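We did not get these values from a lab; they are worked out from the coordinates using the rules stated. Every value quoted in this text rests on a predicted model; they were computed, and no experiment measured them. Glycine gets a Cβ as well: all are built from the backbone with ideal geometry, and neighbour counts include every protein chain shown.
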């Protein structure tokens, strides 16, 4: 009697399945699934790392460099409070573009903004004020250290360029000198940062990663990413009306894009 | 009048600038404004003073612009606020296209030729302020008095000048009203009236007579009443009877209204309907057991309910407009207004205060966040609550980020290279844990291979020197000289009780520089010849830790003594030790300590507190607000956090963890 009770229901179900309404429902479901897949694919494409970050201390010249690269003109600047981003065409003939992102350098903001953009970074330009370098070497090294031991940066290993800015001033240090001093300072920082008291939630402040090779003095060649040093001048040696001296930087950007 | 007016984007590009008559370059004051106000979340008040200039600013959060105007501090210009608002509106409308382009390209490539519009707006603003100039006093020629002839001012009875009729009529009605008051002094009233009226009015003879008659009669009536009134008093006075209160005379029996029959007898009280179920309530309870409090575990749902309730009545009121606003909010083109944010900010402020953030700081923080969010366009499917929470979280992380490098070991190495000890001074109020944390920090330094000299400058508290001596002994037991190449890693420099703390500190530092004891810089030969009195090898200490007595911030002589110690000895690091349990007191303590240090210093840039040690952190669960209060007030970093009483309980601050604990519901 149970089977007899079920059979008319099964019949009705079978009739329904062959009906036109069910077919349209199926088609709709497939359309939704296909759209979803396409959307995910596009998202994946877009979120692949296409950004070049401009980092550095306050007053290093990042915003002026950003303005010069994008528009070629000199602009007055103030301390940045937030990031600016724009598409940059690497060269006249090719159509490859990268997204240049100018991050604020102020102490209270820099790490926050770095957190936000580090995953999307294909390359990083670390801008250094060559004139004030002697005075600020410890702060420059600390920021560089924080960038280099970051787990996302170590994983993605974006190309790193250290741009020694403000070369138009006569007292500016050369890129070679800056490299030597930074290597020495980072060597010391490795020791002091790992010896700092552990953080409140248990994670060490120096980061779990060790910078460079243990036992040997720190060298930029020990890093997993490619590091280069260039000299540049965002203001330009001919004053505000003239061109900026950014050739080396632009060549590197072309290489990296 | 204005020194400068700048318009720049939040990303740092100056879009347009106006330099006034003798203004210096605008960049330095504006940078100071950005660093001290906007980045430290003090944006509640919209004006800022920098040297000789006052700066007023306005934020446009929709297009990420900042408008700043600067003028001399001594001037008080009333039109500045209006000018900023007008310029903001006009600039935004004129260049709307450039702003709405994606990315910064619009700002980079656009030319902002705003000078003519600005000059026009400035002129309008200046003129509008002139119109509202204060009223000038009228001269004698302008007043009404000068227009009256001398003749009319002479009093003559009976004359009725024409223009006085109207006045008199009004005055007459007034006079009748006040006649009862003027009754007593009738004799001189007539004269008084005339003399008081003066040139204002004159009464005719008849009217005077009538008035006098009326007065006479009235006075007689009053006099009669007056003569009558003492009589009943006299009558009453004769027989003084005892006052009889209603129930006062009766004894207790009369006052007893209880039914004498009911007390004590059980049958007399009416039987009430007793329902045992209602009285006992829950039928399923176990007899005799005490149940726990039950509370809602779902806090999120409660929050949403509470927030939506204020918005619901507004939707009802708005009707169609409200619906449209809500739809706009869903689509993501709604801009935040103050009214939307206020209830959420109130809640966040209360939440922060509940987490032990000082009340005035919570208020200032919320004001600053409101200013930062006003006019901002919300993204798709974001609620007001989530936007405000996100902004507040970012602001808190920003405050906790150190404004300068926090790396004590690196600085000690530097001082080592210069052949002098690194001097750290600990100050704070009573009982916060200065000596305990000093011991912890010396343990940490010894672990890293630096030799420490502890200077016992607490010459007041009984047992302070003995406490430090015990710590020294223990630390030397933990790190004996044998394991560090024969040098004693820790030594105590003390001179007993009652002496001057600043003098002891100075002696300790010079002992630390040249004294006998631990070997200083390992393997470094001195590059200068020492005088023959001192031993040839430089045997100083790497770090000198100076322990001072605890003192209340209101105690002026003790604060002066501390300021003198710090000014005279010029330590490398001045650490303020504060406990995490402190609430609103933290603000007062830090402000007064800094003020005392600044007042008593002779130098151009006085030494203020350089860092904070937050102690007793293990006693608070997640009420970590004291960290915010202290860093907000001083804008100096928290260098160490003490989480217990053993030597290993020393941590460094993790801004994200603290903010997460703060924002947790």
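Using only Cα atoms, what Kirkwood radius does chain A have, in angstroms?
Details: mean 1/r = 0.0465 Å⁻¹.
Computed over chain A, the radius equals 21.5 Å.
Where the Cα atoms of segment B:4-130 are projected onto their three principal axes, how long is each span, largest first, in whole Å?
The principal-axis extents, from largest down, are 42, 35, 26 Å.
For segment B:85-108 and segment B:593-665, what is the separation of their C-alpha centers, rounded to whole Å?
Here the two parts' Cα centres lie 42 Å apart.
To the nearest 10 degrees, how steep is helix A:175-195 against the longest Cα principal axis of chain A, on a 0 to 90 scale?
60 degrees
What is the distance in Å between the Cα centres of segment A:140-160 and segment B:481-509?
Here the two parts' Cα centres lie 42 Å apart.
Roughly what would the spin-label model give for residue A:59 and residue B:657, points 7 Å off Cα along C-beta, in nm?
3.5 nm
Under a no-solvent Debye model with one identical scatterer per Cα of segment B:538-665, what's log10 I(q)/I(0) at q = 0.09, 0.13, 0.17 Å⁻¹?
-0.29, -0.59, -0.95
So if we plug the beta-carbon distance of residue B:466 and residue B:346 into 1/(1 + (r/R0)^6) with R0 = 41 Å, what FRET efficiency do we get, rounded to 0.05?
So the FRET efficiency works out to roughly 0.20.
Provide the FRET efficiency to the nearest 0.05 for the residue B:207-residue B:137 pair, computing r from the beta carbons and using R0 = 35 Å.
Given R0 = 35 Å and the Cβ-Cβ separation, E is 0.35.
Which of A:135, B:474, A:110 has the fewest other C-beta atoms within 10 Å, and how do the rest follow up to the most?
Fewest-to-most ranking of A:135, B:474, A:110: A:135, B:474, A:110.
Taking only C-alpha pairs under 8 Å that are 6+ residues apart, what is the relative contact order of chain A in percent?
Normalised by residue count, the contact order of chain A is 19 percent.
If you average the sequence gap of Cα pairs under 8 Å that are 6 or more apart and divide by the length of segment B:336-400, what percent do you get for the contact order?
46 percent
Quickly estimate the mean residue ellipticity at 222 nm for chain A, helices only: each DSSP H run with n ≥ 4 gives -39500 (n - 2.57), and the total goes over all residues, rounded to 500.
-15000 deg cm²/dmol
I need the calculated FRET efficiency for the pair residue B:82 and residue B:42, taking r as the beta carbon distance and R₀ as 22 Å, to the nearest 0.05.
Efficiency, from the Cβ-Cβ distance: 0.40.
Indicate the gyration tensor shape class of segment B:537-583 (rounded, prolate or oblate), computed on the Cα atoms with a ≥ b ≥ c the square roots of the eigenvalues: a/c under 1.5 is rounded; otherwise a/b larger than b/c is prolate and the rest oblate. Kindly include the intermediate steps, with their values, before the conclusion.
Numbers: a/c = 3.29, a/b = 1.67, b/c = 1.97.
Judged from the Cα gyration tensor, segment B:537-583 comes out oblate (a/c at least 1.5, b/c at or above a/b).
Dimensions of segment B:336-400 along principal axes (Cα, Å, largest first)?
Result for segment B:336-400: principal-axis Cα extents of 34, 23, 18 Å.
Counting pairs of Cα atoms in segment B:597-645, how many percent are more than 13 Å apart?
Details: 751 of 1176 pairs.
For segment B:597-645, the fraction of Cα-Cα distances above 13 Å is 64 percent.
Under a plain spin-label model, where a point goes 7 Å from the Cα along Cα-to-Cβ, how far apart in nm are residue A:157 and residue A:134?
3.7 nm
Please compute the alpha carbon radius of gyration of segment B:381-472, then divide it by the globular-protein estimate 2.2 N^0.38 Å. Two decimals is fine.
Computed over Cα atoms of segment B:381-472, the ratio equals 1.64.
Could you work out how far apart the two model spin labels at residue B:645 and residue B:560 are, taking each label as a point 7 Å from the Cα in the direction of the beta carbon, and quote it in nm?
In this crude label model, residue B:645 to residue B:560 measures out at 3.7 nm.
Just subtract the alpha-carbon distance of residue B:482 and residue B:335 from 0.36 nm times their residue separation and send over the number in nm, one decimal.
Extra length from residue B:482 to residue B:335 when fully extended: 46.0 nm.
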